[in-house]
Amino acid sequence: MSANDNPKTVPNALPDGYRFNEFEIKEVIGGGGFGIVYRAWDHQLERTIAIKEYMPVSLAVRAADLTLELRGERFQKLFNAGLNSFIQEARLLARFNHPGLLHVLRFWEQNGTAYMGTLYYSGMTLKEWQLTSPATISEAWIRRLLPPLLGAISTIHQAGYLHRDISLDNIQIQENQLPVLLDFGSARKEIGNLSDETEIMLKPGFAPIEQYSEEGEVEQGPWTDIYALGAVLHSLITGNPPPVSVVRCIEDNYQPLTECQPEGYSLPLLHAIDCALAMKPGDRPQSIDAFAALTDLPVSDVEAVVNSFPKPGEPSALPVEEPIEVTAPVVMAINPASASAEPVTPRAVRRLSPGLLALAAIALLAVGITVWLTNRPDAAPEQVNTRAAAPQATTVAPEATVPAALATVYLKLASGESVTLNGQPVEVKSGSSGFAALNLAAGQYKIAVSNGSQTHSQSLTIDKPGTWLINPGN
């Protein structure tokens, strides 16, 4: 398994030296909102393994006796649903024997939660590889990587399952350069399906539009994983994922790779990626075999995978470097029903509310707007000068004393609506996407939107850099 977070920042972890019979925890190697991963030593077989613990931090905490305690009785249903999905995922992975899939050695329940022991995979994720060795990424390198990866995904699909979480940081490149597709994240998906209060950890740019929809609204299938795979390849080639799918629903700014024609890459490969990233599920390749045919590559079976990569002890081209921790920009989504803001990491989004497409687009746009505007500056909504949007308590003195803009605030603005900031009218217009933008310094603000007959307002505090999305019109 691979670490996604800095081990020192993972809360509620078991201490080093903790024993599960023959397994002794040596250190935390990663964690996130729904689980913690440890490096452990198997005293019976004398080998290093990885142990993953089901630990949804929004629902439970670690008690003094190291068991998990719910944060409240109301979380029992969600916790149990995630736990059952975690158990089913362990059983599912244990069924597979493909070298490109995470191999589960053992599963057990303890401490009021569940654990799975897996092989310990050394190496680095594709995300870490891209950061540390971008010069090694080429079409030849990608074509060597793809057949075993396609084989692993195909194995899942043939068994009647989907991965639903393929991304740069969920593909591990071992020291022999064999790719391994890591865990499915079933627990977080199940919890997200059952609760509008709990964030689904979708990765913007990698998740297709059907994953943002209510269960059953848009059918998911192999094409869902194919979109994510296309996003992985797009990121490797261009250095950035494609625009977030929910943003593309508002205004599709995806630039086909066949038009950009990145240097060193063939049109068949670029065309296959463009097809994989089609917005409509029916426009994508419907199977891994169909995608492989577009790229003119085979789907490697187990024997081909094993025989095509260096054996243990043979030299490897993998550079030995420490993983790099990346800090993403802060993005804020504001609840229209309150004046408070909740931080949303670029990997966390809300489920769409039934029948509220416009509001859903607003709520989900926040996670991708920073990336989108960075890549497409000409598509950004018209912005208001910071000085015109300063809070009333701020005295505008000479040029040098004007507070620097700290955050960009986006709001939906219909034709004919006007905006006031702390009671003062501001000149702002919405762009082609229907959103207007305010560049604001740190401070307290009350933003009001009026259509002549009705006025809706919302207060917010800006105390950190980032992008904010509000909806005072509801």
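D by Stokes-Einstein for the stretch 7-119, Kirkwood Rh over Cα pairs, 25 °C, 0.890 mPa s: 169 µm²/s. Less than 5 angstrom separates the built amide H of G31 from those of N4, D5, V37, all sequence-distant by 5 or more or on a different chain.
Would you mind getting the Kirkwood hydrodynamic radius of the stretch 113-190 from its Cα pairs, rounded to one decimal in Å?
After inverting the pairwise mean of 1/r, the radius is 13.8 Å.
As a rough guide to protection, the peptides 20-31, 77-88 ranked by mean Cβ packing within 10 Å, highest first, stand as 77-88, 20-31. The stretch between S418 and T132, if pulled fully straight at 0.36 nm per residue, gains 98.2 nm over its current Cα-Cα span. Report note on the peptides 252-258, 94-100: ranked by the mean count of other C-beta atoms within 10 Å, highest first, their order is 94-100, 252-258.
Using the Cβ of L297 as centre and a radius below 12 Å, the other residues enclosed give a net charge of -1, where K and R count +1 and D and E count -1.
Near the amide H of L101, within less than 5 Å, lie the amide hydrogens of L181, all on another chain or at least 5 residues away, with H placed in the peptide plane.
From the cross-link list K26/K203; K127/K280; K26/K52, which pairs have alpha carbons spaced over 20 Å apart? If you can, show how the numbers build up before the last one.
Details: K26/K203 30 Å; K127/K280 27 Å; K26/K52 13 Å.
With Cα atoms farther than 20 Å apart: K26/K203; K127/K280.
Full extension of the chain between K26 and R144 gives 39.1 nm of extra length, using 0.36 nm per residue less the Cα-Cα distance. Among 287-300, 57-70, the peptide with the highest mean count of other Cβ atoms within 10 Å heads the list, and the full ranking is 287-300, 57-70.
Laboratory data are not the source of any read-out in this text; all were calculated from the coordinates shown. Please read all numbers here as calculations on a predicted model, not as lab measurements. Ideal geometry is used to build each Cβ from the backbone, glycine not excepted, and the neighbour counts take in all protein chains shown.
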